[in-house]
Amino acid sequence: MHGIIFSELKRFVEESVGNGKWPVLLHEAGLARRTYLPTQEYPDAEAFALVAAACRITRLPAATLLESFGTFMVPDLVRLYGSLIDPTWRTLDVLEHTEAAIHRVVRLRNPGAKPPELVCRRERPDEVTIFYRSARKMCGVAIGIVHGLARHYAEDVAVQHGPCMNDGADECVIRVRLSAGA
Ligand code: HEM
């Protein structure tokens, strides 16, 4: 997993769980004194151990925690990869183009990174369906990113999660609809 995800997780934990909690989390995850650089790749198992430890410490379910984390990351993702985002795009346009314009480029630039292959279908001007398939089963992050993008563009969206990989489905189906008047 890309080091950006780890450095964002560290910032998220310090800001949302508590200042000074990152070393506690590392210890709880069996990764005491581990450092993460945003320019490198690290084993997925470490990300899973950190998320599991964060769930134990906060007593939050993984889906809730991952969703908050996804939303938290958006301002930095948009800043770091801003050159890949067309300035005319809004929330649904970013979703529609994430695979071709963003995740594909992340894979090219960082051969070790494996962002999920998203299939995003623009059903109507105000609706996108996301088909998410990843061995990491981090659909919570995807939903959080959707909300973070909507916040970034000052839009309102309704998100509906249909079939879910965490319930045994082959892929997650996530419907995003722009709320009326947005
Ligand atoms: C601003 C646009 C975006 C950028 C710059 C971005 C970038 C990234 C990067 C660098 C990773 C780490 C990949 C790895 O370590 O292998 C990642 C993972 C991920 N991305 Fe994106 N992404 C963006 C938009 C989205 C959107 C719109 C979604 C879904 C709605 C999404 C869903 C995910 C998920 C769920 C992961 C976690 C890894 C996994 O599930 O396999 N991303 N993204």
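The values are calculated or read from the model by the stated rules, or taken from the named source; none is laboratory data. Being a predicted model, the structure only gives us computed values, none of them experimental. As a convention, Cβ positions derive from the backbone with ideal geometry for all residues, glycine included, and neighbour counts pool all protein chains shown. Only protein heavy atoms, including side chains, enter the accessible area calculation; ligands, DNA and RNA are left aside. Shrake-Rupley method; radii C 1.70, N 1.55, O 1.52, S 1.80 Å.
Here is how the numbers come out for the structure above:
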{"quantity": "Test for Lys114: is it within 15 Å of Gly70 (Cα to Cα), open to solvent by 30 Å² or more (accessible area, probe 1.4 Å) and near the ligand (Cβ under 8 Å from one of its atoms)", "calculated": "no"}
{"quantity": "Search result, residues across the range 47-83 that are surrounded by 16 or more Cβ atoms within 10 Å (Cβ to Cβ), over 16 Å from the mean Cα position of the chain (by Cα) and within 20 Å of Ala113 (Cβ to Cβ)", "calculated": "Ala49"}
{"quantity": "Tally, over the range 59-80, of residues that are hydroxyl-bearing (Ser, Thr, Tyr) and without any contact (Cβ under 8 Å) to a residue 24 or more places away in the chain", "calculated": "0"}
{"quantity": "Selected residue (only one of Leu26, Leu108 is buried (at least 17 other Cβ atoms within 10 Å of the Cβ), at negative phi and part of a helix (DSSP H, G or I))", "calculated": "Leu26"}
{"quantity": "Counted residues, the range 5-23 - those being open to solvent by less than 40 Å² (accessible area, probe 1.4 Å) and at pLDDT below 95", "calculated": "1"}
{"quantity": "Residue ID - least open to solvent (accessible area, probe 1.4 Å), chosen from residues in the range 152-182 that are closer than 22 Å to Val51 by Cβ and assigned to a helix (DSSP H, G or I)", "calculated": "Met165"}
{"quantity": "Counted residues, the range 86-105 - those being part of a loop (DSSP other than H, G, I, E, B) and either within 10 Å of the ligand (Cβ to nearest atom) or without any contact (Cβ under 8 Å) to a residue 60 or more places away in the chain (or both)", "calculated": "4"}
{"quantity": "Members of the range 59-84 found to be under 13 Å from Phe12 (Cα atoms), within 8 Å of the ligand (Cβ to nearest atom) and in contact with a His (Cβ under 7 Å, 6 or more places away or on another chain), listed by number", "calculated": "Val74"}
